[in-house]
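Structure record follows, encoded as structure tokens.
Bear in mind these aren't lab numbers, they're just calculated from the coordinates by the rules spelled out. Not measured: the values here are computed from a predicted model. Positions of Cβ are backbone-derived with ideal geometry, glycine not excepted, and every protein chain shown enters the neighbour counts.
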Amino acid sequence: MVEPAIQRFDTRAAFQAHLRAAFAQARATLDLFDPDGALFLLGTADADAELRRFLRGGGQLRVAVHSSGWLEREAPRFVRLLHDFSHAVACRTTPRHLRELSDSFCIADDLHVVRRFHSAHLRGEAAFDAPQETEVPRARFTAIWSESLPGLQASTTGL
């Protein structure tokens with residue numbers, strides 16, 4: 001068995017390039033966790049186009065954040081995406097007792113992972129075609145998701 005190539009990064013550009021690659025390779029599931037989602041490109045035209053392609057293909061997008069305020073204010077494309085694909089996109093917020101979690105990661109299809117060790121820093125690593133590298137982040141995301149509450153909705157009434 002070939003060991004996966006882990007690509008380390010420490011710049012915003014490298015982190016976001018790895019995110020774009022993960023978005024492009026995702027086919028079935030895309031799970032994101034970050035305190036506010038600000039660096040996840042969710043408000044950009046490129047990410048919107050890629051996520052729409054992913055969702056049209058039957059993909060499911062789940063986003064967990066401590067606070068959805070940044071997404072609401074600064075990512076209108078993501079809010080439209082949530083509205084247009086409300087059947088396939090969910091955004092949840094963490095309860096108070098999970099707010100100390102400070103890492104940030106993206107898991108695509110349980111095969112690819114891009115993670116920052118601390119959300120206040122850009123240092124992290126990415127691994128593609130590496131299911132074993134997604135195991136720990138997958139367990140963390142599952143636990144975070146199960147305890148999180150519905151957050152940003154498709155409309156003010158949640159419909």
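Full extension of the chain between residue 12 and residue 129 yields a length gain of 39.9 nm, computed as 0.36 nm times the residue separation minus the alpha carbon distance. In the chain, helices alone account for a calculated mean residue ellipticity at 222 nm of -11000 deg cm²/dmol, with every DSSP H run of four or more residues adding -39,500 (n - 2.57). Among the helices of the chain, those built from whole DSSP H runs whose Cα atoms reach 15 Å or more along their own axis and whose mean Kyte-Doolittle hydropathy is at least -1.0 are 12-25, 45-56, 131-147.
In percent, how large is the relative contact order of the range 6-150, given Cα pairs closer than 8 Å and 6 or more residues apart?
Relative contact order here is 31 percent.
Which of rounded, prolate or oblate describes the range 6-150 when judged by the alpha-carbon gyration tensor and an a/c cut-off of 1.5? Taking the square roots of the gyration eigenvalues as a ≥ b ≥ c, the range 6-150 is rounded. Using a Förster distance of 35 Å, how high is the FRET efficiency between residue 120 and residue 83, based on the Cβ-Cβ distance and rounded to 0.05? After rounding, the FRET efficiency stands at 0.70.
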